[in-house]
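Below is one structure, written out as structure tokens; comments come after it.
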Amino acid sequence: MSLSYAYYPGCSGLGTSLEYDTSTRALCRSLGIELVEIPDWNCCGSTPAHAVDHLLSACLVGRNLGIADDMAEERKLDGIITPCPSCLKNLKTTQHRLADPEFHRKVELVVGRTLKAELPIKSVLQVVVEDLGIQALAKLVKEPLKGLKVVPYYGCIMVRPPQIMQFDDPENPMALDNLLAELGAEVLPFPLKTDCCGASLGTTRKDVIAKLSGRVLDAAEEAGADAIVTACPLCQMNLDMRQSQINRANHSGHNMPVFYYSQLAGLAAGQGETSTMLDKLCVSPRPLLAALAGHTGEGA
Amino acid sequence: MPSSTKTFDSDFIAEVQRESEQDLALCYQCGNCTAGCPVSFAYDYPVNQIMRLVQAGKKQEALSSHAIWLCASCETCTTRCPNDIDVARIMDVLRHMARRENIVSEKAVSAFWKAFLESVEKHGRVFELGLMANYVGKTGKMFTDMDLAPMALRKGKLGLKAHDIKKLAEIRGIFDRYREQKQ
């Protein structure tokens, strides 16, 4: 089976989550999923756009959907995919709202083109576990992540609201759990797997992040995890880059690596630094990985 | 600011209903939205009380609340509402209305969103470093995340250059036509 998707990387993939974009592309390549980047894609507007105006949000998304329409006329595409849950929610919400003819007409007027917007829209995670099937990962795994204890952290909107996202269980998703288990990691039960990290309040209200992301870090440590695994650039940034801020605010001493699942897939597949980009993580996972390698008697 | 118990603004209720496409009468105050809301601790009104203020036509109280700006759009309320009310969409709509009325109880949040969208209009994509500079300029919050800058720069996580899209005119056109529509 060969799968081909229009790929929407999202802005953070060019900066704060470069390692997510790079490792996602590497994961898809090794699984035989073809990614065709949406040419000249623009920002979906993220939370600021939908918090300011729903028409503006839909129009920013609409331009990208329109370009994907053009791509689909030229070649067979199985849909549109993105690694970022915020981009995903905006893409899917807009597609959903375009079903209203009056809203559709308004959006076309502002975008300045006609829109079909009929391609299925999914996260990369959903494509890997649903379209490809989790067993496909087994072939990829050369160095199972034996002994690595992780908690899966989905964040809020990968699965919510369920009416729009149509993926996994909105209260207790298992896609990431199953994927990480397939990679050989020990996946611990994590009751906070869909609790909010504080999202985009990181810059403006640090007290909210310290409380919510702090709670996620506390719970991961209490669960006995070596690391947290995310699928969201904003969750990752709040938990990893802001971990020192959170420690200061909460008088805690966390030193918890926060991986993207695609980085761990690359690690298990024996891929090198150029695609896993472990150096980009602010809390270094090196001591942890070295300890694991030492424990299993393999070279670090 | 009038907050008389006698104020009842039925136009406000109708407007929230129209813009959010939700039936406010369906909320029977079970409190599920509030029970799940992660940001309640920072709110002045918990989300079920915001819903009640809207039902009661208390426009001024609802739009001047801090809660509507602090909602993280996590969609827990929408997911758990037993009557399928899209509560997060109503919070969005209240923010839209508050902005239009020039009532901004959390100035930093509003300034951050504005700086973000200005970056999108200018480059077609968010330029994170430029966004932060613009935000600092708007708020005077000079030391926001200064502690993170060395780490982010060392890791190459804050690009020094913007990644402008090629057809910037298309983005500018979208923003221009959007503003015309809204007038």
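Read-outs: derived from the displayed coordinates by stated rules, not from any lab. Only a predicted model underlies this, so the values are computations on that prediction, with no experimental measurement involved. Ideal geometry is used to build each Cβ from the backbone, glycine not excepted, and the neighbour counts take in all protein chains shown.
Tabulated data
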item	result
Calculated P(r) of the stretch A:101-145 - Cα pairs past 18 Å, %	57
Kirkwood-Stokes translational diffusion coefficient of the stretch A:143-282, alpha-carbon pairs, 4 °C, 1.567 mPa s, µm²/s	85
Exercise: per-residue mean of other protein chain Cβ atoms within 10 Å, B:143-154	3
log₁₀ of I(q)/I(0) at q = 0.12, 0.13, 0.20 Å⁻¹ - chain B, Debye sum with one point per alpha carbon	-0.72, -0.82, -1.29
Whether the stretch B:94-183 is rounded, prolate or oblate, judged on the alpha carbon gyration tensor where a/c under 1.5 counts as rounded	oblate
Degrees, to the nearest 10: B:10-20 long Cα axis against longest axis of chain B	50
Beta bridge orientation in the protein assembly as shown: antiparallel %, DSSP, nearest 5	0
Cα pair count fraction exceeding 31 Å, expressed as % - chain A	28
Neighbourhood charge, 10 Å Cβ-Cβ cut-off, centred on A:SER2 and excluding it, Lys, Arg +1 and Asp, Glu -1	-1
For A:ILE157, net neighbour charge (Lys/Arg +1, Asp/Glu -1) across residues whose Cβ lies under 9 Å away	+1
Given charges at Cβ of Lys, Arg, Asp, Glu: the stretch A:88-176 dipole, positive-most of A:ALA175, A:PHE103, A:LEU140	A:LEU140
Cα-based helix-to-principal-axis angle, A:85-97 vs chain A, degrees rounded to 10	30
Overall Cα dimensions of the stretch A:108-204 - principal axes, largest extent first, Å	55, 37, 24
Helix-only CD estimate at 222 nm, as mean residue ellipticity for the protein assembly as shown, using -39500 (n - 2.57) per DSSP H run (n ≥ 4)	-14000 deg cm²/dmol
Part-to-part distance (alpha-carbon centres) for the stretch A:247-295 and the stretch B:32-62, which is given in Å	39
Sparse-neighbour loop sites [chymotrypsin sites (Phe, Trp or Tyr not before Pro); the stretch B:56-154; at most 13 other C-beta within 10 Å; DSSP]	B:PHE143
Angle between chain B longest axis and helix B:107-123 axis [Cα atoms, degrees, rounded to 10]	50
Loop GluC sites (Glu not before Pro), the stretch A:147-225, which have at most 16 other Cβ atoms in a 10 Å radius of their Cβ (DSSP)	A:GLU171
22 Å tail of the calculated P(r), the stretch A:44-126, as % of Cα pairs	19
